[in-house]
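This report refers to the structure that appears directly beneath it.
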Ligand SMILES: O=C(O)c1ccccc1NCC(=O)[C@H](O)[C@H](O)COP(=O)(O)O
């Protein structure tokens with residue numbers, strides 16, 4: 001089970017996530033988010049991932065930045081992946097991939113009921129709730145695993161207590177969490193991170 005911890009902003013929590021077994025880290029650059037990171041904070045998270053002897057994917061997560069600007073930012077700061085959230089078009093993904101080959105698409109099934117992995121040429125599809133980073137649970141019965149295809153990640157309202165049931169119900173290739181491993185908006189809790197990763201892999 002591939003596990004991504006999103007909304008990281010400092011060395012301590014990034015290093016803790018890696019030590020606890022995370023496969024991927026996310027850094028949010030969205031000024032309205034309580035997890036908005038500066039380039040210096042992004043550099044801390046990337047450095048913590050690079051210090052590991054495992055390959056850790058570090059994703060720049062954006063929802064309003066123009067796709068080209070986001071891809072250039074991700075490339076220039078040294079991210080592995082660009083995660084585009086929300087209403088980006090297929091052409092945005094094509095343009096972003098010219099600059100950074102690994103681009104993930106994050107969107108909600110409520111908004112896009114016919115979703116399929118790879119339809120925008122993305123490396124991975126992240127199936128999220130309607131309000132990214134809100135911690136709000138959503139109706140997992142909307143998920144049709146066969147339609148979604150392979151390699152997709154589940155996100156939205158997950159936490160250490162519900163992630164095992166959510167995995168059993170929807171059979172994703174991986175999970176992504178932000179609010180569910182925080183003690184307050186934007187403030188990660190190391191114990192919750194450890195518990196989340198253990199529960200996802202149990
Ligand atoms: O986390 C945010 O504040 C955020 C803001 C704008 C765009 C995306 C954002 N987060 C993206 C993520 O990948 C979250 O981990 C995902 O939406 C799940 O969030 P949560 O329900 O809080 O676990």
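Rule-based calculations on the coordinates, nothing more; no lab input. Nothing here was measured: the structure is a model prediction, and the numbers come from that model. All Cβ positions, even for glycine, are placed from backbone atoms using ideal geometry, and neighbour counts span all protein chains on display.
Considering only DSSP beta bridges with both partners in the chain, what is the antiparallel share in %, to the nearest 5? Counting DSSP beta bridges with both partners in the chain, the antiparallel share is about 5 percent.
Here the simple spin-label model places points 7 Å from the Cα toward Cβ, and for residue 54 and residue 68 these points are separated by 3.8 nm.
Segment residue 91..residue 40, full-extension length gain: 15.4 nm, with 0.36 nm per residue of separation and the alpha-carbon distance subtracted. Equivalent-ellipsoid semi-axes for the chain (Cα gyration tensor, √(5λ), whole Å, largest first): 22, 22, 15. For the chain, adding -39500 (n - 2.57) for each run of n ≥ 4 DSSP H residues and dividing by the number of residues yields -9500 deg cm²/dmol at 222 nm.
Does the stretch 146-191 come out rounded, prolate or oblate, given a ≥ b ≥ c as the square roots of the eigenvalues of its C-alpha gyration tensor, rounded meaning a/c under 1.5 and, failing that, prolate meaning a/b above b/c? It comes out prolate by the Cα gyration axes. Shape summary of the stretch 66-140, radius of gyration then Dmax from alpha carbon positions: 12.5, 37 Å. Rounded to the nearest Å, what's the spacing between the alpha carbon centres of the stretch 65-85 and the stretch 153-197? Just the number, please. After rounding, the separation between the Cα centres reads 24 Å.
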